[in-house]
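Notes follow once the structure below has been shown.
The values are calculated or read from the model by the stated rules, or taken from the named source; none is laboratory data. Small disclaimer: the values here were computed from a predicted structure and weren't measured. Cβ sites come from the backbone with ideal geometry, for glycine too, and all protein chains shown count toward neighbours.
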Amino acid sequence: MARLPAKLEEKIPVIPLNSPIKSFSAAVLALTAVVATSGVVADTTKTWSLAEFGEPLYDESMPHWPYVNPDAPKGGSIVLSAFGTFDSLNTYILKGEYPRSLGLITDVLMTGSANELASAYGLLAESAEYPDDKSWVIFNLRPQATFNDGSPITARDFKFSFDTIRTHGRPFLKSFYDDVDSVEVLSDHRIKFSFKTTNNMKPLMKVAGMSPESVAYWKDKDISKTFLTPPPSSGPYEISTVEAGRSITYERVKNYWGENLNVSKGINNIDKIRYDYYADLEVMVEAFKAGEVDYRAENSSKRWATAYEIDQVKEGKILLETPPDNQPQGIQAFFFNLRRNPFDDQRVRKALGLLYDFETTKRTILYNQYDRIDSYFVNSEYGASGVPTADELAVLEPYRDQLDARVLEEAYTLPVTDGSGRNRSQVREAIKLFKEAGWNLEDGKMMKDGKQLQIEMLLVQPDGQRVNAIFMQNMKKIGIDAEFRVVDSAQYQNRIDDREFDIITVRLNFFPPPGPELRSYYGSAAADERGSANMAGIKNDVVDELIEKIISAPTLEQLQINTRALDRVLLWNDYVLPQFYNSNYRLAFWNRFGQPRTRPKYGTGFPTTWWIDKDLDAKLDLKR
């Protein structure tokens with residue numbers, strides 16, 4: 001449940017969605033559903049698993065996930081790295097920064113499968129019940145489920161968690177539960193969620209991903225404030241040590257209640273996981289190479305091309321791997337602050353897009369490791385391509401009078417250069433657009449009403465200056481007073497929440513299939529809400545209506561058609577300037593791990609399904 005600061009040089013999650021706590025990540029792993037039936041009484045379905053459109057891959061007889069080693073040894077410790085800082089463990093509220101790893105300490109009602117994009121299987125809940133019209137759902141909790149302090153997990157703990165979100169939660173987090181009408185505790189182990197909608201499984205799947213907060217613990221404490229004392233853990237790990245801004249250590253819960261569930265076997269094999277925090281990316285990389293950190297998912301093309309030509313790699317002590325990344329991705333782009341002049345003028349935004357020479361950037365800075373993004377729904381079946389299909393036109397036609405005609409007639413394309421760095425034709429076209437918007441070159445400066453155009457690109461990492469240097473140079477060449485501003489992660493997040501920026505780089509998380517989170521991403525109501533995920537400030541009636549069509553789509557096919565229609569409308573309005581993505585992970589890790597023979601389709605499996613191989617570990621003999 002998170003507000004993520006920019007994290008990496010080239011992939012920069014800024015918004016709250018790589019949910020460190022499973023109550024949010026599973027809610028969006030699972031995310032909408034038509035169900036898997038395991039028993040039907042009258043007009044009510046009772047089931048152990050839920051799935052998006054169709055049947056889930058696995059039934060309750062599944063002995064364990066196919067991408068785990070059920071006999072994996074337990075034990076050992078690892079050290080991982082994190083960029084930035086943290087000053088709170090509260091994942092609900094807007095204030096403060098919390099560790100993105102907090103998902104280790106929480107369990108959820110129903111957990112997702114790493115081989116499916118939208119599924120949920122019983123974890124804290126042994127089953128779910130709902131009627132044919134999907135107007136409510138009841139979760140039957142496992143009586144044996146406990147917090148790490150031994151106290152039972154009850155329905156009241158889930159209601160408290162929901163009430164906390166509804167009352168104190170960040171705007172983006174609240175958006176996932178907009179369609180929940182009420183929550184009712186039926187007994188210690190039965191909780192009922194009623195919905196404002198009918199015949200729609202999205203709200204059911206979202207609440208299936210909720211985690212509990214201990215009512216007993218919080219009865220004399222204020223959950224609306226930041227805190228650093230660990231609350232009771234509902235998951236397989238507990239927090240053992242907290243050094244604010246420096247490190248956080250998790251230890252596997254002894255006698256964890258869910259150890260022998262089929263959804264738990266073979267996972268959470270490492271006894272102790274410590275995250276050390278770094279303010280400097282280069283120092284963080286050097287710490288890894290020195291053996292002070294065990295694993296890196298590298299997101300810098302320069303480092304991947306140059307930083308690992310070291311003896312440890314040649315000797316096999318450090319392994320490098322590039323498995324495919326099959327996960328659908330959200331857009332990564334320069335986000336313009338549409339609330340500010342001149343970014344409220346589409347001609348200016350389009351002109352800036354012409355100054356972004358991706359081909360030269362790819363060749364000279366990105367080591368040809370990336371492809372251009374041309375959709376808000378990257379690497380998925382939800383993004384538009386080519387000219388609109390007949391089905392997409394059927395969705396868009398009612399809005400013809402409100403749209404640029406090209407939305408319904410042409411394929412959206414981005415400017416392309418020859419990669420030589422001499423993009424004169426694009427620059428001339430950009431200057432023409434600036435002139436149409438009232439900006440003119442006067443003595444080498446882009447001027448309007450006696451003032452030079454000033455643009456600040458807000459960054460949280462100095463590396464962003466290298467990646468965006470060509471874009472900045474092209475702005476300066478035509479007389480724009482352009483500069484970088486690098487701030488620390490806390491100031492960066494506050495400035496984004498307060499909308500105090502011109503341009504930022506954002507990589508939105510994607511929760512397939514798209515749903516209510518789109519309201520917070522692109523909906524008009526969220527544009528002026530502090531801390532919402534609509535960082536650009538998009539206000540568009542057609543976008544609002546298409547989002548509702550996506551949320552209410554009766555079939556996966558229609559949902560995909562609707563998202564492609566939305567994609568076209570967003571792209572043609574030039575709200576953001578798309579950047580690039582990589583379809584492979586870049587992993588570097590010390591050769592001390594065992595891995596299952598089969599990896600999950602989505603994700604790397606680390607650290608959940610990996611384990612410490614004692615023989616490999618003994619050979620390395622890392623000194624810490």
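General remarks:
- Here the condition is being farther than 30 Å from Gln144 by Cβ and without any contact (Cβ under 8 Å) to a residue 40 or more places away in the chain; of Glu292, Glu286, it holds for Glu286 alone.
- Restricting Glu292, Glu286, Glu309 to those that are farther than 25 Å from Pro66 by Cβ, assigned to a helix (DSSP H, G or I) and not aromatic (Phe, Trp, Tyr) reduces the list to Glu286.
- Residue among Asp157, Asp178 that is outside any loop (DSSP other than H, G, I, E, B), touching a residue at least 12 places away in the same chain (Cβ under 8 Å) and in the same structural domain as Pro56 (by TED's automatic domain parsing): Asp157
- Those helices (runs of 4 or more DSSP H) lying entirely in segment 394-484 with at least 3 residues surrounded by 14 or more Cβ atoms within 10 Å (Cβ to Cβ) and over 35 Å from the mean Cα position of the chain (by Cα): 424-436
- Residue within segment 372-382 that is under 30 Å from Met472 (Cα atoms), crowded, with 20+ Cβ neighbours inside 10 Å and touching a Leu at 6+ places or on another chain (Cβ under 7 Å) present: yes
- If you go through segment 183-216 and keep only what is farther than 30 Å from Leu556 by Cβ and either part of a loop (DSSP other than H, G, I, E, B) or in contact (Cβ under 8 Å) with a residue 40 or more places away in the chain (or both), you end up with Leu186, Asp188, His189, Arg190, Pro212, Glu213, Ser214, Val215, Ala216.
Results for (1) aliphatic (A, V, I, L, M); (2) assigned by TED's automatic domain parsing to the domain that holds Lys95; (3) surrounded by 23 or more Cβ atoms within 10 Å (Cβ to Cβ), shown as yes or no for each residue.
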residue	(1), (2), (3)
Arg507	no, no, yes
Pro513	no, no, yes
Val543	yes, no, no
Leu546	yes, no, yes
Ser552	no, no, no
Leu556	yes, no, no
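- Filter result for Asn534 (modelled with pLDDT under 95, outside any helix (DSSP H, G or I), in contact with a Gly (Cβ under 8 Å, 6 or more places away or on another chain) and among the polar types (S, T, N, Q)): no
- Flag for Asp613 being closer than 20 Å to Ser77 by Cβ and at pLDDT below 95: no
- Spans of strands (runs of 3 or more DSSP E) in segment 41-126 with at least 1 residues of a type in the set (Gly, Ala, Ser), at pLDDT 95 or above and crowded, with 23+ Cβ neighbours inside 10 Å: 49-51, 119-122
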